[in-house]
Structure formats: C-alpha cells, structure tokens
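Down below is the structure, laid out as structure tokens.
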Amino acid sequence: MKKTVLYGLVGGGALVAVLATLGTVLAARPIAAAMQGVGGFHRGWGGHRGFHAMTPEAAKDHLQVATKWALRDVDASEEQQERVNAIAAGAVDDLFRLRQRHQENRDSFHAQLGGASIDRAALEEIRKSEMALADEASKRFVRALADMADVLTPEQRQALIERFHRHHER
C-alpha cells in the first residue's frame, strides 16, 4: 500500500483543513510508515539513511513527539494532549494489524508473478483484497483524525489550520 493512499485521504471534502492539519502534523507519516513497515526517517552513521522496520511502540513514541510539537502553540491542555495521544496510539495498533494482511497480499502477489504461468484471476483477487485493505485503513485513519479534531476546540483547530498554511507556504 502506498503512503499516497493515506495522504490522499485528507485532500478533499468539507473537513480538509482540519483533517489535513491534524493528519499531516500528527498522524500521517508514522501511520503510513506503520503500514509500509519502514520507520527510518533518521540518518544513520556516516549520513546513510537507516530504513528499519518501525514497531508500534516506535510509531507511538514518534506520534507523542509530533503531538507535543503540533499542539504546543494552541494552548492544548495536558488532558487534550493525552487524549490525542491515546487516539493516535489506538489507530497505530489497528493499522499495524492491517499491515500484516498487506504484507501477506504482497507476498501472494510476488508468488503469483514469479510462477511458471500468470494466473490473472488470482492477481485480481489479490488486487481486490489490497483495495479493501486500503479502504479499511483509510476509514480507520479518518476516524482517528475526526476523533482528534473532536478533542480540540474550534479555536485550537483554526490555529492549527493557520499554522499548517504558514508551514506549507515556504
């Protein structure tokens, strides 16, 4: 599953500003990384990128830092930060479970393409399974974003939206 599937979710509809802000700042990267099984956003020794499998715990830790960073300028209370962290942690757990199914689909796809003959019906079933999985992941992702938005006041959401726009105008 591509990160763009999850990132693309925040691209339209009436809640685009809130979802884009909360999703991009708080959840999209670590959740997408969880789905893809890469967590290495850090440079390793000698300047090489260290792409390693992200664990649920690492994703949750990353989200806690992102949450603190995102909510620092909107006067979010400790309780709000804890609630947003709990929502994000629940989403990470759910999405890591989906990740296993995605990896199974990928392995099946590779096995089909590496066989002596190409079974187009089997490939189509794998594709359908992967699209259903993407739909399930996107629903869970959007539910988490909406839950996070519910924790914040309209003023806090507006401040995040403004911050998001300032950050992305550069």
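What follows is calculated from the coordinates using simple rules that are stated; it is not laboratory data. No experiment lies behind these values; they were computed from the predicted model shown. Reconstructed Cβ throughout: ideal geometry from the backbone, glycine too, with neighbour counts over all protein chains shown.
Can you give the net charge of the other residues whose Cβ lies under 14 Å from the Cβ of Ala121, counting K and R as +1 and D and E as -1? It would help to have the intermediate numbers written out before the result.
On the way: positive: Arg120, Arg127, Lys128; negative: Asp119, Glu124, Glu125.
Surrounding charge for Ala121 is 0.
With K and R counted +1 and D and E -1, the other residues having a Cβ less than 12 Å from that of Leu145 yield a net charge of +2.
Rounded to whole numbers, the Karplus 3J(HN,Hα) couplings from phi for the stretch 77-84 are 6, 4, 4, 4, 4, 5, 5, 5 Hz, using 6.51 cos²θ - 1.76 cosθ + 1.60 with θ = phi - 60°, and x at Gly and Pro. Using a simple spin-label model with pseudo-atoms 7 Å out from Cα toward Cβ, Arg163 and Asp119 lie 5.1 nm apart. A DSSP coil position with no more than 16 other Cβ atoms inside 10 Å describes the following trypsin sites (Lys or Arg not before Pro) in the stretch 61-125: Arg72. The aspartates and glutamates within cross-link reach of Lys128, meaning a Cα-to-Cα straight distance under 19 Å and a gap of 8 or more places when in the same chain, are Glu104, Asp107, Asp119, Glu136. Charge tally for Gln80 (other residues, Cβ to Cβ under 14 Å; Lys, Arg +1; Asp, Glu -1): -4.
In what order do Phe164, Phe141 fall by count of nearby beta-carbon atoms within 10 Å, going from fewest to most? Intermediate values should be presented prior to the final figure.
Details: Phe164 19, Phe141 25.
The most exposed by this proxy come first: Phe164, Phe141.
With neighbours defined as other Cβ atoms within 10 Å of a residue's Cβ, the residues Leu113, Leu160, Leu98 order from fewest to most as Leu113, Leu98, Leu160.
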